[in-house]
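Asks: Just dropping this structure here.
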Amino acid sequence: MEATFWGVRGSVPAPGPETIRYGGNTSCVELRTRAGTLLMIDVGTGAIPLGRKLLADSFGKGGGEALIFLSHAHWDHIQGFPFFAPVFVPGNKFIVHGPGRSSSMLEGILEGQMNPHFSPLYTMRNLGASIEVVAVDGMAKDPSFECAGVRVKARLNPHGATQALAYRFEEEGRSLVYASDAGYPAGGPSADVRALYHGADVLIHDCTYSPEDRALRMARGFSSIADAAQAAVEGEVKKLVMFHYDQDYSDDVVDALGERTRRLLDELGGSKIELVAAREGLTLTV
Ligand SMILES: [Zn+2]
């Protein structure tokens, strides 16, 4: 698999000269299977430049297909969708997975941002492409399913007043976990979530805050770099990817958080864990 980051920011876009190195777009990761099938993880505003790129291939001619996996429906994870150009091309097909008790309930939530009070689009049915919405039960006894030759598993993390799905994608013995917007209780992730993370080749983890800022904003339901380092060490992952930086953090602040996360990993016994701070345009081979 190959993962490319198109948006790494949390909560709201943060454009400007102070965020130019890591980028100001909100969450969106392009995941390509070995066969080249496109999986998109979250569709924050990072999906907009990804959409422009996709128009140059089959998505520009109405022959494109992609699987979308939403962690949850907060704005920074869905706001790129009405501006993702391939959805306006008839013939393209998208299957949108996300948390919800039923597919129709999830579809209703996604339709909310198309409401004429918020958008001129009115409904997802006006978009041109075919869009199927599938609810994923993150509490199921066996939360795994097969998509395009990839084994997908999903588990719910607490996220403030709501919950967000963490996903594990496995292909040919390699694994990537995406765990954004995770506000663990004092004891850390649940046993199910720990199992989801365990042994991953790549763990993309919420790193919204410094430990001090998280302590001031516990109710928002995000991780600090210390939460991420602990999850990586306990999960015995090979690579930790920092993700979903607070919108108020400049590039220099994120640089400093990266150095501090390295020290935290080392102190926790995770000196063998590779550390990468996600930035727009970064591609990782999994
Ligand atoms: Zn978010």
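The values are calculated or read from the model by the stated rules, or taken from the named source; none is laboratory data. Since the model is a prediction, treat every value here as computed from it, not as a measurement. Cβ atoms come from the backbone with ideal geometry, glycine included; neighbour counts cover every protein chain shown. Ligands, DNA and RNA are stripped out before the accessible areas are found, and what is left, the full protein with its side chains, is counted by its heavy atoms. Shrake-Rupley method; radii C 1.70, N 1.55, O 1.52, S 1.80 Å.
Asks: Within region 258-275, take every residue that is closer than 15 Å to residue 227 by Cβ and under 24 Å from the mean Cα position of the chain (by Cα) and give me the one that is surrounded by the fewest Cβ atoms within 10 Å (Cβ to Cβ).
Replies: Here the residue is 260.
Asks: Could I ask something else about it? Would you confirm, using the coordinates I've provided, whether residue 176 is within 15 Å of the chain's Cα centre (by Cα) and within 16 Å of the ligand (Cβ to nearest atom)?
Replies: Considered against the rule, which asks whether it is within 15 Å of the chain's Cα centre (by Cα) and within 16 Å of the ligand (Cβ to nearest atom), residue 176 comes out as no.
Asks: Condition (residue is within 16 Å of the ligand (Cβ to nearest atom) and free of Cβ contacts under 8 Å to residues at least 40 places away in the same chain) applied to region 132-139: is it met by at least one residue?
Replies: no
Asks: What strands (runs of 3 or more DSSP E) lie completely within region 95-208 and have 1 or more residues being open to solvent by 30 Å² or more (accessible area, probe 1.4 Å) and under 21 Å from residue 68 (Cα atoms)?
Replies: 130-136, 144-147, 150-159, 162-171, 174-179
Asks: For the subset of region 68-85 comprising residues that are open to solvent by 20 Å² or more (accessible area, probe 1.4 Å) and within 18 Å of residue 27 (Cβ to Cβ), which member is farthest from the ligand (Cβ to nearest atom)?
Replies: Per the stated criteria, the residue is 83.
Asks: Would you mind telling me which numbered condition in (1) touching a strand residue (DSSP E or B) at 6+ places or on another chain (Cβ under 7 Å); (2) without any contact (Cβ under 8 Å) to a residue 24 or more places away in the chain residue 123 fails?
Replies: So the condition that residue 123 fails would be (1).
Asks: Which condition number in (1) of a type in the set (Gly, Ala, Ser); (2) exposed (fewer than 15 other Cβ atoms within 10 Å of the Cβ); (3) in contact (Cβ under 8 Å) with a residue 60 or more places away in the chain is the one that residue 278 fails?
Replies: With (1) of a type in the set (Gly, Ala, Ser); (2) exposed (fewer than 15 other Cβ atoms within 10 Å of the Cβ); (3) in contact (Cβ under 8 Å) with a residue 60 or more places away in the chain applied to residue 278, the lone miss is (2).
Asks: Here's something else I'd like to know. Return the residues of region 34-55 that are out of contact with any helix residue (DSSP H, G or I) (no Cβ under 7 Å at 6 or more places or on another chain), open to solvent by 10 Å² or more (accessible area, probe 1.4 Å) and either more than 16 Å from the ligand (Cβ to nearest atom) or not in a loop (DSSP other than H, G, I, E, B) (or both); say none if nothing qualifies.
Replies: Answer for region 34-55, where residues must be out of contact with any helix residue (DSSP H, G or I) (no Cβ under 7 Å at 6 or more places or on another chain), open to solvent by 10 Å² or more (accessible area, probe 1.4 Å) and either more than 16 Å from the ligand (Cβ to nearest atom) or not in a loop (DSSP other than H, G, I, E, B) (or both): 34, 35, 36, 37, 49, 53.
Asks: Of all residues in region 1-23, which are in contact (Cβ under 8 Å) with a residue 60 or more places away in the chain and part of a loop (DSSP other than H, G, I, E, B)?
Replies: 1, 8, 10, 11, 12, 13, 14, 20, 21, 22, 23
Asks: Residue 219 - would you say it is open to solvent by less than 50 Å² (accessible area, probe 1.4 Å), out of contact with any Ser or Thr (no Cβ under 8 Å at 6 or more places or on another chain), under 22 Å from residue 186 (Cβ atoms) and hydrophobic (A, V, I, L, M, F, W, C)?
Replies: no
Asks: Could I ask something else about it? If you go through region 209-258, how many residues are away from the ligand (no atom under 15 Å from the Cβ) and assigned to a loop (DSSP other than H, G, I, E, B)?
Replies: Count: 6.
Asks: Condition check: surrounded by 18 or more Cβ atoms within 10 Å (Cβ to Cβ), in contact with a Leu (Cβ under 8 Å, 6 or more places away or on another chain) and over 26 Å from residue 182 (Cα atoms). Does residue 31 satisfy that?
Replies: It is false that residue 31 is surrounded by 18 or more Cβ atoms within 10 Å (Cβ to Cβ), in contact with a Leu (Cβ under 8 Å, 6 or more places away or on another chain) and over 26 Å from residue 182 (Cα atoms).
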